[in-house]
Amino acid sequence: MRQTSDTFLENASHALADADKVQRRDLMAVFTPLIRDAAMEGFGQFDALRQHVKQVRQHSLDHLGHYLTQFEEEALHNGNFVHYARDGNELNSRVLDICQQHSARHIAKGKSMVTEETGLNDFLERAGLSVTETDLGEYIIQQAGETPSHIVGPALHKSAAEIRELFLDKHDLGPRELAEITDLVGEARQVLRDKFLKAEVGIIGANALIAESGYSMLVTNEGNGDLCANLPKVLIICTTIDRVLPRAEDATAMLRLLVRSATGQAQTCYTSFYSGPRRELDTDGPLETHFVLLDNHRSDILASDYHEMLQCIRCGACLNHCPIYTGVGGHAFGWVYPGPMGSILTPLLTSLEQSNALPNACTSCGRCAEVCPADIPIPDLLRDLRHEETRRQLSAPRWRLGMKLHGWLARHPRLYHRLTGWAITALHRLGRKRGRFSRLPMAEGWTSQRDFPAPQGKTFMQQFALQQQQEMPSPVRDKPRKTRLRPEAGRTKAPRVKPSPPGAAKTASKAVPADKPARAVAAKAPAKSASPKSRTGKPPARKPRSRGPVKTRTEPHFGEPLEPQSGADERRSTTTGKPQEPDDVN
Amino acid sequence: MTRPATDTPQSRPNLRVSLFVTCLADLLRPSVAFASIKLLEQAGCEVSVPLQQTCCGQPAYNTGDYETSEPLARQLIEQFEDAEYVVVPSGSCAGMICHHYPRLLKGEWRDRALQLAAKTFELTTFLTDIAKLQRGEREPIALPSVTYHDSCAGLRELGIKAQPRQLLQELCATDVIELQQTEVCCGFGGTFCAKMPEISGKMVGDKLANAVATKAAVLTGGDLGCLLNIAGRAHRQGESIQVRHIAELLVGDLDSPAIGEAES
Amino acid sequence: MSTSARSEILARVRKASRGSSAESLSQQLQGLGVAPAAPLPCAELATAFLANVLKNQGSAAVVSGRSEAVKAVGAYLYKHFRSHRLVAGNDPHLAAMPWRDAGVLPRFGSIEPGEPAALSYAMLGIAETGAIVTFTGKSSPASNNLLSEHHIVLVDQAKLVANMEQAWLGINREIERVGRPRGINFIAGPSSTGDIEGKLVYGAHGPRGWHVILIGEALDSALQEARELAGLA
């Protein structure tokens, strides 16, 4: 499939401009999570099942060498041909060989994302074969010349009206209405029945490969995969090496998760296990069966930090729950696999360079991980890919450098507080009248979509430091203390609080023992830790040297002047957020 | 020694809390931090504020720059690890400390991170689960109608859902008017909103539409990033819904301008 | 060539795998226990099975014996097709049914064009999912299951099991007896698709009609309760 992941943002922009499609996706975004939730609630033990299946799959992947070999032995014993393909080209060539050996002209195909990965259909058609997708959704997009937008429902981006137009155009069946969806399905059934019967080769995927018996599992609602697997003379099953499970019951356990997560059903109509070619007692079935087992980077992923991604069962739940996927649709992602799982697989199966926008199309909201039946830590893997991008300097320089600058500054607290103090005060002054900015230099990304709220006043640290300063009993101060605050960063244990007059302060006010940072300021930081420089420097100028009576503080009301402290009821005193210059402190 | 007043939990010694104010509150909305202090003190805590705090390192971490984030994580751990409790008025920053520091750091630092994580709490969770703040004798704070946005990190990393609603009930006798799709991301996502503005714009537009549809006067939540995002969009679209942080509501700070509002 | 692809792939996989003896792997796997199954809508297997058949948009009937069973088949055929034309797999259970009692005579074999209905005998019925299990073969040609407009299945109550895991026990026993079938089919309803706008439509490529006839003692109340559980009563 031609990849357009490198233009993700343009693709997304294009997708967001189509109001009808946006509306359809919005509906799906509300609807699909509801049906999945209902199904899981009906099951009742989602977490327990998820953990069990995860352990079995982890065990299988940990010992894939053993189970893959066992599968191969059993499959051969059952009478299959078993082929291996390192990459898409090898798979495509192998399949073409088999078809040509049998002089096949017509291929009936079940849904297989793996064959989309390798571009099998195009390859076979270029060699002169006619390939018909028999899964209704795949058939629709094949007729429309499009790519799938969702891994479970490839044509969900199309309206019934669009499909009606398509069928009227492509099927030469005379004048007819096709008013209802049932009519469309009926017509597809009729057209495709012929293809099943005419095909010399059937090509399907596999939801699982069973090591102990050499069976492959196929799961559909339509039954089209089974028709491909039973009617043509030759059957080719294309799948990847990581699909192997030890026992049949492991596959059906995984199925409990797959179906509910994908469609909200408790089971699909057809779950079939096929072992090989026609036997003595068979009256139908293929005469010859082939497995083509594709690697295409699975063994790389298995050996990497991203190996958990191999647990994916292709249910599509993460797509349905991702606000970015539902916002922009599957085509924006530009390749076979969209949504959260696609944003991990596309870089791993193609390249990070070609698809570096995809791991960034994520807010780490975590909804995907919440519903993932394989319990894959999707947001973490995406973040790790972003880390990889940072390492390879694939992200825009201004972001990388901006982060580094911010990080450096934040490691120098005094400088950070001073600089931010100035900047924020200035920004506050500029913005206080309107309360927000509709434009702000260096923040075009933000302000293109929303206003930027102006800072409230001085920074908290500025205000807090000022308030603390006012606590200090200073001989030069001749005005009464205006605020009663909890002091911070004293090194000595504070004297006990004077008892307040009865009925006074409603909350306890106790002196606070010195906090570590204050201690650390004076003391050298421990050798191992990376201490910011300022901590080994002199103590900050404003650190109070003693503690006065400590009272509760209320939140500031900005813009209001400081009021003198009333006697007993501290809690009603207001502190000011009014920006105060150091000279003002009295 | 002053006795705690009757409306604070008396059955235990006062909890000593170190406040991590968060850089967004520090820079853009200090009232959140001041309100947090007030709430904690109402709950009978002794609050201290380590002065050298800056940033928890989340922005760099989320963009994948682990190397820039790590020193910030270590700095914060050093600054706070001696506290009895650390309280944070932000689900994402608390989540960063509790969940992500142990992922980010190795060896001895990871152990120290885990120890810190064990005593670090988001504000509303601390107030309900640990400090058990109650209204006591005070009158409930009068609030206009309120709707609530469940910020993602707080919700999914820390399980924050009932706690803010509980506090609104307890202190303000207010029930949240739930918005549709309350658990769907608002599109902030740290640098995401600036890197992918159009997609973020769609998400925040949807969130705002759902908030406005509740007809509530105020939208609140526990994460300033989300609230700045939603408020900014509300003002851009000319919607009148006010946006405030939950801490501000819980202390009745309604007079100061809401997020993005002009000073009157 | 495939052989070098094979050795390369297996080498890479083995390198990334952990080494362990087959025996210890088997033990490890056993140690992981049994997967939780879906809860049954009720404890009684027949009722649970029927409820799920109905939930899956199948139709169901209950009969007390083989004579009743063939009459039920006849009634279904007549209702839907006004004829008794029927193809059935060459299953000894089906061959031995008293077809004359219903005036029905199935043609035993694989479905041919123009035959709208096919009859199967289920090896097992699974209460957890409302599915039946057949092995492909003369006794149950796959094309009968898939190409018919209406698929009718006879299930003996004694062949009902609670869940997938128990089904596999039964299937494995049968495999030991007769060898591995080419195909093991779990069928749980009429074929369907949601591929157009997410709207579920029945009768995709496989049968439109799915009719299960459960043979056992005193099952009328089970069917009644099943209807209620499926929200149909």
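Descriptive notes on the structure:
- Scan the range A:397-428 for residues that are more than 7 Å from chain B (Cβ to nearest Cβ), part of a loop (DSSP other than H, G, I, E, B) and open to solvent by 40 Å² or more (accessible area, probe 1.4 Å) and the total you get is 0.
- Filtered residues of the range A:221-241 (kept if facing another protein chain (nearest Cβ under 10 Å), out of contact with any strand residue (DSSP E or B) (no Cβ under 6 Å at 6 or more places or on another chain) and either open to solvent by 10 Å² or more (accessible area, probe 1.4 Å) or free of Cβ contacts under 8 Å to residues at least 24 places away in the same chain (or both)): A:L231
- Residue match in the range B:205-218 (condition: in contact (Cβ under 8 Å) with a residue 12 or more places away in the chain, part of a helix (DSSP H, G or I), open to solvent by less than 30 Å² (accessible area, probe 1.4 Å) and within 18 Å of A:G435 (Cβ to Cβ)): yes
- Residues that are open to solvent by 10 Å² or more (accessible area, probe 1.4 Å) and either over 12 Å from A:H331 (Cβ atoms) or in contact with a Cys (Cβ under 9 Å, 6 or more places away or on another chain) (or both), drawn from the range A:152-170: A:V152, A:S159, A:A160, A:A161, A:E162, A:R164, A:E165, A:L166, A:L168, A:D169, A:K170
- For the range A:205-245, the candidate set comprises residues that are over 34 Å from the mean Cα position of the chain (by Cα) and among the polar types (S, T, N, Q); within that set, the residue that is modelled with the highest pLDDT is A:S213.
- Helices (runs of 4 or more DSSP H) within the range B:63-120 that include 2 or more residues basic (K, R) and surrounded by fewer than 24 Cβ atoms within 10 Å (Cβ to Cβ): B:107-118
- Scanning the range B:231-262 for residues that are assigned to a helix (DSSP H, G or I) and over 19 Å from A:R432 (Cα atoms) turns up B:I246, B:A247, B:E248, B:L249, B:L250.
- Condition check for A:G334: buried (at least 24 other Cβ atoms within 10 Å of the Cβ), more than 14 Å from chain B (Cβ to nearest Cβ) and more than 24 Å from A:A253 (Cα to Cα): yes
- Criterion: surrounded by fewer than 23 Cβ atoms within 10 Å (Cβ to Cβ), under 27 Å from C:W210 (Cα atoms) and of a type outside the set (A, V, I, L, M) - qualifying residue of A:R278, A:R260: A:R278
- Residue within the range A:101-113 that is within 13 Å of another protein chain (Cβ to nearest Cβ), part of a helix (DSSP H, G or I) and surrounded by fewer than 19 Cβ atoms within 10 Å (Cβ to Cβ) present: no
- Failed item in (1) over 23 Å from A:H14 (Cα atoms); (2) out of contact with any Lys or Arg (no Cβ under 9 Å at 6 or more places or on another chain), with B:A209 passing the rest: (1)
- Total residues in the range B:20-69, condition facing another protein chain (nearest Cβ under 7 Å) and either within 14 Å of the chain's Cα centre (by Cα) or touching a residue at least 60 places away in the same chain (Cβ under 8 Å) (or both): 17
- Elements of type helices (runs of 4 or more DSSP H) contained in the range A:1-66, each with 3 or more residues being aliphatic (A, V, I, L, M) and open to solvent by less than 30 Å² (accessible area, probe 1.4 Å): A:19-43, A:46-62
- Output for the range B:70-87, where each listed residue is facing chain A (nearest Cβ under 7 Å) and under 23 Å from A:T390 (Cα atoms): B:P71, B:L72, B:R74, B:Q75
- Within the range A:67-89, considering residues that are more than 10 Å from chain C (Cβ to nearest Cβ) and in a helix (DSSP H, G or I), the one nearest to the chain's Cα centre (by Cα): A:G88
- Residue in the range A:73-90 that is crowded, with 21+ Cβ neighbours inside 10 Å and touching a Cys at 6+ places or on another chain (Cβ under 9 Å) present: yes
- Scope the range A:242-289; condition part of a helix (DSSP H, G or I), closer than 21 Å to A:E222 by Cβ, within 7 Å of chain C (Cβ to nearest Cβ) and not charged (D, E, K, R); matching residues: A:T252, A:T263
- Number of the exception - C:V53 against (1) in the same structural domain as C:Q157 (by TED's automatic domain parsing); (2) surrounded by fewer than 21 Cβ atoms within 10 Å (Cβ to Cβ): (2)
- Members of the range B:16-44 found to be in a loop (DSSP other than H, G, I, E, B) and farther than 11 Å from B:V87 by Cα, listed by number: B:R29, B:A43, B:G44
- The single residue among B:E178, B:E263, B:E248, B:E239 that is facing chain A (nearest Cβ under 10 Å) and without any contact (Cβ under 8 Å) to a residue 60 or more places away in the chain turns out to be B:E263.
- As a summary of the residue check, A:E138 satisfies the conditions (1) within 21 Å of A:T326 (Cα to Cα); (2) open to solvent by less than 40 Å² (accessible area, probe 1.4 Å); (3) without any contact (Cβ under 8 Å) to a residue 24 or more places away in the chain; (4) assigned to a helix (DSSP H, G or I) except for the one numbered (3).
- Residues of the range B:186-204 satisfying the condition of being open to solvent by 20 Å² or more (accessible area, probe 1.4 Å) and either on the phi < 0 side of the Ramachandran plot or of a type in the set (S, T, Y) (or both): B:F188, B:T191, B:A194, B:K195, B:P197, B:E198, B:K202
- Members of the range A:165-199 found to be in contact with a strand residue (DSSP E or B) (Cβ under 6 Å, 6 or more places away or on another chain) and either among the basic types (K, R) or not in a helix (DSSP H, G or I) (or both), listed by number: A:K195, A:K198, A:A199
- Members of the range C:187-228 that are of a type outside the set (G, A, S), open to solvent by less than 30 Å² (accessible area, probe 1.4 Å) and within 21 Å of A:F196 (Cβ to Cβ): C:I187, C:P190, C:T193, C:D195, C:I196, C:V201, C:H205, C:P207, C:W210
- Test result for C:A158, assigned by TED's automatic domain parsing to the domain that holds C:N52, within 13 Å of the chain's Cα centre (by Cα) and not in a strand (DSSP E or B): no
- Members of the range A:340-361 found to be β-branched (V, I, T) and surrounded by fewer than 24 Cβ atoms within 10 Å (Cβ to Cβ), listed by number: A:T350
The values are calculated or read from the model by the stated rules, or taken from the named source; none is laboratory data. Since the model is a prediction, treat every value here as computed from it, not as a measurement. Using ideal geometry, Cβ is built from the backbone for each residue, glycine included, and neighbour counts are taken over all protein chains shown. Remember, those area values only see protein heavy atoms, side chains included, never the ligands or the DNA or RNA. Shrake-Rupley method; radii C 1.70, N 1.55, O 1.52, S 1.80 Å.
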